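The values are calculated or read from the model by the stated rules, or taken from the named source; none is laboratory data. Just so it is clear, the structure is predicted and the values come from calculations on it, not from any experiment. Note that each Cβ is placed from the backbone with ideal geometry, even for glycine, and that neighbours are counted across all protein chains shown.
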Amino acid sequence: MSRTDGLDAVGLRDVLARGDESVEATIAETFDRIDAVDPRLHVFLNTERAYAERRAIELDRARAAGEPPGPLFGVPIALKANMCLEGFESNCGSKILAGYRAPYTATFVQRLLDAGAIPVGTTNMDEFAMGSSSENSAFGPTRNPWDPSRIPGGSSSGSAVAVAAGLVPIALGSDTGGSVWQPAALCGIHGFKPTYGRVSRYGLIAFGSSLDQVSPFARSVRDIELVMNVMSGADANDSTCLDEPPLEPEHARDPSSLAGLSVGVPQEYFPSILEVGVRRAVEAALATLEKLGAKLVPVTLPHTEFAIPTYYVLATAEASSNLARYDGVRYGLRVDGDGSLQGMFAATRAAGFGAEVKRRILLGTYVLSAGYYDAWYGRALRARALLRQDFERAFESVDVIAGPTSPLAAFKIGEKTADPLEMYLSDALTVPTSLSGLPAISVPCGVVEVDSTPLPVGLQLIGPHRGDARVLRVARAFESVTEFARARPPRMLDARGAARGGRA
Ligand code: GLN
């Protein structure tokens, strides 16, 4: 079996020179590219070259000994810096965890390793996954390969750019409110958030536990399916994990026809803040779905406007509780302060957390506090139920829902940092789905020209609970008749390691 069997040409083959070269050579090339590109784009917080080389040699030996290769044999992958692999630094983009090396390996990472994948490092992210642009990373932002003066989206910024810049064919992000499919849209790649619970969260450092979900980036739907099938499935270490069958059934059908499928188009997903170019690209994409045989049906998701406030109550409440563990005793940074125990807690957290994380801990503590709990947290839970019902009603009459992934294309670094509320709006079209635990993918669907720079636009496809395979089937049909997934950042076109253009 060739090393690239089962992996799409636009995915792995783009990175590998020859399908049957040694894994060792693949890893050497991968690091050449990382060395050339990373200084400009700041993708990784940590690379693990010695580890990757050791694993490559082991895999080459196993192949020579006739062992059957796993489905991700020799594939270099990048992990977001909130994922645990024993010995890798997972600092969550935070000073409080700088230098923290995971003492154990996440279930989903172990499954990737068992399938033959080679983790090459941990990627930059908004601190504790709180943000939409990577500007909340304590270690400086990642840059968008389409225009390095712009943000790549977030919070899984480094993983998105690792794939968009062709450093690795597959990278993992985590999604709490859009952190994978929003950066996928802004970087012109695929990002898939599965149904909540499809992938074990054991070994994913928590932000909002009722929302967090491990989610992959890739350059083709086929690669997304492959990595999902490797990672999914029950895990005794995560009781919220579903025991779902592999994603295959709906893919066996003719991928080039959507006859008989109805696509709901929610009016609320075309708000006035939508950038004109984004609207145009998404409307054209909807017309393509129609040409493939799908029927477009207007639907309404009437509580959409409450999604952002609901999310920022619930996610901050959960974060304030999850982040209580960073107290200077068990993990990472310790600052002695006035010498008392309380003083050490306070000094450690004051020095270790950045402004956005502190803002969210304060907000989350407030909404959970006695006297305010029901007015804020209880109410937000009720609003979450209404948002979920909106989707349930819509899915009574349609198979999938489609719209723009992000209301805006990539914006300039620094453009929105002064106003957190404006930054929160970039999640307006992703958080309703996250709050409802539904599967969604962003697929590249066009470009918008801003200041004569082409910037990618993403089409989001949302499915009903456990409708992951259906979402991927529609995405695959769209991908099969369009060229957008093959577009590369212009400055990356000579990409085999040569760093050309792109003033950072
Ligand atoms: N941008 C959203 C936030 O800041 C979502 C982040 C995420 O999905 N991790 O919380």
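See the values below:
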{"read-out": "Residue match in segment 218-227 (condition: under 18 Å from residue 79 (Cβ atoms), within 12 Å of the ligand (Cβ to nearest atom), modelled with pLDDT of 95 or more and not in a helix (DSSP H, G or I))", "value": "no"}
{"read-out": "Among residues of segment 335-374, those that are within 16 Å of the ligand (Cβ to nearest atom), touching an Asp or Glu at 6+ places or on another chain (Cβ under 8 Å) and in a helix (DSSP H, G or I), counted", "value": "3"}
{"read-out": "Options 203, 191: the member that is among the small types (Gly, Ala, Ser) and farther than 26 Å from residue 403 by Cα", "value": "203"}
{"read-out": "All positions within segment 452-478 that are touching a residue at least 24 places away in the same chain (Cβ under 8 Å), surrounded by fewer than 24 Cβ atoms within 10 Å (Cβ to Cβ) and more than 24 Å from residue 431 (Cβ to Cβ)", "value": "453, 454, 476, 477"}
{"read-out": "The listed residue being more than 24 Å from residue 174 (Cβ to Cβ) and either modelled with pLDDT of 95 or more or of a type outside the set (Val, Ile, Thr) (or both), out of 9, 115, 81, 102", "value": "9"}
{"read-out": "From the options 55, 49, 61, 3, residue that is in contact with a Phe, Trp or Tyr (Cβ under 9 Å, 6 or more places away or on another chain) and at pLDDT 95 or above", "value": "49"}
{"read-out": "Condition check for residue 204: within 13 Å of the ligand (Cβ to nearest atom) and either surrounded by fewer than 24 Cβ atoms within 10 Å (Cβ to Cβ) or over 19 Å from residue 109 (Cα atoms) (or both)", "value": "no"}
{"read-out": "Odd one out for residue 327, checked against (1) under 18 Å from residue 95 (Cα atoms); (2) within 15 Å of the ligand (Cβ to nearest atom)", "value": "(2)"}
{"read-out": "Search result, residues across segment 186-200 that are more than 13 Å from the ligand (Cβ to nearest atom), part of a loop (DSSP other than H, G, I, E, B) and not small (Gly, Ala, Ser)", "value": "189, 194, 195, 198"}
{"read-out": "Residue 209 vs. criteria within 16 Å of the ligand (Cβ to nearest atom), under 13 Å from the mean Cα position of the chain (by Cα) and among the polar types (S, T, N, Q)", "value": "no"}
{"read-out": "Of all residues making up segment 25-44, the number that are of a type in the set (Gly, Ala, Ser) and closer than 26 Å to residue 61 by Cα", "value": "2"}
{"read-out": "Close pairs from segment 174-192: first free of Cβ contacts under 8 Å to residues at least 60 places away in the same chain, partner assigned to a helix (DSSP H, G or I), Cβ under 7 Å, at least 6 apart", "value": "179/129; 183/157; 183/160"}
{"read-out": "Residue match in segment 242-251 (condition: in contact (Cβ under 8 Å) with a residue 24 or more places away in the chain, among the acidic types (Asp, Glu) and in a loop (DSSP other than H, G, I, E, B))", "value": "yes"}
{"read-out": "Index of the failed condition, residue 424 passing every other in (1) within 16 Å of the ligand (Cβ to nearest atom); (2) at pLDDT 95 or above; (3) hydroxyl-bearing (Ser, Thr, Tyr)", "value": "(2)"}
{"read-out": "Residue that is surrounded by 20 or more Cβ atoms within 10 Å (Cβ to Cβ) and at positive phi, where the choices are 371, 328", "value": "328"}
{"read-out": "Residue 183 being within 16 Å of the ligand (Cβ to nearest atom) and either at negative phi or surrounded by fewer than 24 Cβ atoms within 10 Å (Cβ to Cβ) (or both)", "value": "yes"}
{"read-out": "Where residue 214 falls short, out of the listed (1) among the β-branched types (Val, Ile, Thr); (2) away from the ligand (no atom under 13 Å from the Cβ); (3) modelled with pLDDT of 95 or more", "value": "(2)"}
{"read-out": "Residues of segment 263-305 satisfying the condition of being out of contact with any strand residue (DSSP E or B) (no Cβ under 9 Å at 6 or more places or on another chain), at pLDDT 95 or above and assigned to a loop (DSSP other than H, G, I, E, B)", "value": "292, 293, 302, 303"}
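For (1) more than 25 Å from the chain's Cα centre (by Cα); (2) modelled with pLDDT of 95 or more; (3) surrounded by 19 or more Cβ atoms within 10 Å (Cβ to Cβ), each residue gets a yes or a no:
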residue	(1), (2), (3)
307	no, yes, yes
317	no, yes, yes
339	yes, no, no
358	no, yes, no
366	yes, yes, no
384	no, yes, yes
397	yes, yes, no
401	no, yes, yes
404	no, yes, yes
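Table: residues versus (1) farther than 30 Å from residue 294 by Cα; (2) more than 14 Å from the ligand (Cβ to nearest atom); (3) of a type outside the set (A, V, I, L, M, F, W, C).
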position	(1), (2), (3)
376	yes, yes, no
385	no, yes, no
398	no, yes, no
404	no, yes, yes
411	yes, no, no
417	yes, no, yes
428	no, no, no
446	no, yes, yes
452	yes, yes, yes
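Condition check ((1) modelled with pLDDT under 95; (2) of a type in the set (Asp, Glu)) across all residues:
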{"site": "440", "(1), (2)": "no, no"}
{"site": "444", "(1), (2)": "no, no"}
{"site": "478", "(1), (2)": "no, no"}
{"site": "491", "(1), (2)": "yes, no"}
{"site": "494", "(1), (2)": "yes, yes"}
